[in-house]
């Protein structure tokens, strides 16, 4: 069956039930959230690791029944586990966390093998859209009625900051009456923007029925995160989509409506809320000012590139290991950016998911991760012609991954295994040829 007028990857067959519950649990019970990732309670922070083990055991049995041993992804999985064990032995690494890392790899593999790519990203994008819509409602209420938000229970993160919990959304208790950054349910606005950008990318390139309202919502919620990197990645994502040649009148109309809607929303916000826009803009540009307290964000991003590479050079084959990762990163970051850390008493932060694979696990696993990312880019751009759009999507994911470190998150590894097990539908190939 061919779908000429719309991308086929999210054309979920009626008999194939989208894994909405799995996608929701994968995002919610994650080290990426404040509740389970940076909660001050150590016991609560252990919940995701046991969740990964449960997924690996329960869904792993289904994968074996489906003859997963014969798939390409399983071969890469076996090699990844061997590399993890070699890193454990060579670097005398943390045994418990290495075991959980293997459980994480196993859980990611079983998810990628048990669900089709189109079904998974349909469920993932739908849940992220729900989180965005809900967080925007909470954000507006927080600005209009902060006293109402203060009545909700609060939890504390590992840094000592309190957040009010309103279901699948958190609001910072400090500075509630002021303009704050929307974090959704996640531990950082930078993590939230990664999920938004990935969901937007899936929607633009893979959705059966694209929605102008949904794209506009993603853009508005991204602006509330006040994430410089997130807004830049969103702009790249939209630019890549608009650069792709349109396959018909409906798609050209959709692009026009998206562009006009974004411009109208931007003009509406600027005219009605000039002070809010000015405050947000100053926060964005202060990150580039070396004298500003916000400059630490830019330093963290730069050091996450240079310091990870410096770490990798000390142990190029199997990486520095989990035990040494934080210590060595702190050493090289302070050495390379002494102008900042010598006058600012603050910790260093490795915010690079992509290069973390290189520095911590070595060049071999980094090569597997990169190959999976290339395959993922090809899957997303399955209905485009040539190699330019897949290459641009690959670059987009590189930019997304350098903003926060999703070190114990299922999402990057699940996407990696989908890319490693890349199977582009015949309908998509034929559709690409007809563009």
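Quick note: the coordinates plus some simple rules give every number you see, no bench work behind them. Everything numeric in this text was worked out from a predicted model, so none of it was measured. Backbone-built Cβ (ideal geometry, glycine too); neighbour counts: all protein chains shown.
Take peptides 80-92, 403-415 and line them up by average Cβ neighbours within 10 Å, highest first, as a rough protection proxy.
Final packing ranking: 403-415, 80-92.
What percent of all Cα-Cα pairs in the range 160-201 falls in each 5 Å bin, counting up from 0?
Calculated over all Cα pairs of the range 160-201, the distribution is 6, 22, 28, 24, 12, 6, 2 percent.
Between residue 216 and residue 232, what length in nm is gained on full extension when 0.36 nm per residue of separation is reduced by their alpha carbon distance?
That pair, residue 216 and residue 232, stretches by 4.2 nm at full extension.
Using the Kirkwood radius over Cα pairs, work out the Stokes-Einstein diffusion coefficient for the range 67-207 at 10 °C and 1.306 mPa s, in µm²/s as a whole number.
Estimated via Stokes-Einstein, D reaches 87 µm²/s.
Can you pull the percent of Cα pairs in the range 20-434 with separation above 33 Å?
For the range 20-434, the fraction of Cα-Cα distances above 33 Å is 33 percent.
Take peptides 392-398, 248-254 and line them up by average Cβ neighbours within 10 Å, highest first, as a rough protection proxy.
Ranking, from highest mean packing down: 392-398, 248-254.
In nm, give the distance between the simple-model label positions of residue 44 and residue 242, each being 7 Å from the Cα along the Cα-to-Cβ direction.
Distance between the two pseudo-spin positions: 4.2 nm.
Dividing the convex hull volume of the alpha carbon atoms of the range 77-117 by its residue count, what do you get in Å³ per residue?
About 52 Å³ per residue, rounded to a whole number.
Counting other beta carbons within 10 Å of each Cβ, put 225, 31, 360 in order, fewest first.
Fewest-to-most Cβ neighbours within 10 Å comes out as 31, 225, 360.
What's the center-to-center distance, using Cα atoms, between the range 328-403 and the range 116-177 in Å?
The range 328-403 and the range 116-177 have Cα centres spaced 27 Å from each other.
Quick one: if you stick a label point 7 Å off each Cα along the C-beta vector at residue 97 and residue 261, how many nm between them?
Taking the two extended label points, one gets 4.3 nm.
Compare the peptides 162-174, 188-200, 105-117 by average per-residue count of other Cβ atoms within 10 angstrom and give them in order, highest first.
Going from most to least packed, we get 188-200, 105-117, 162-174.
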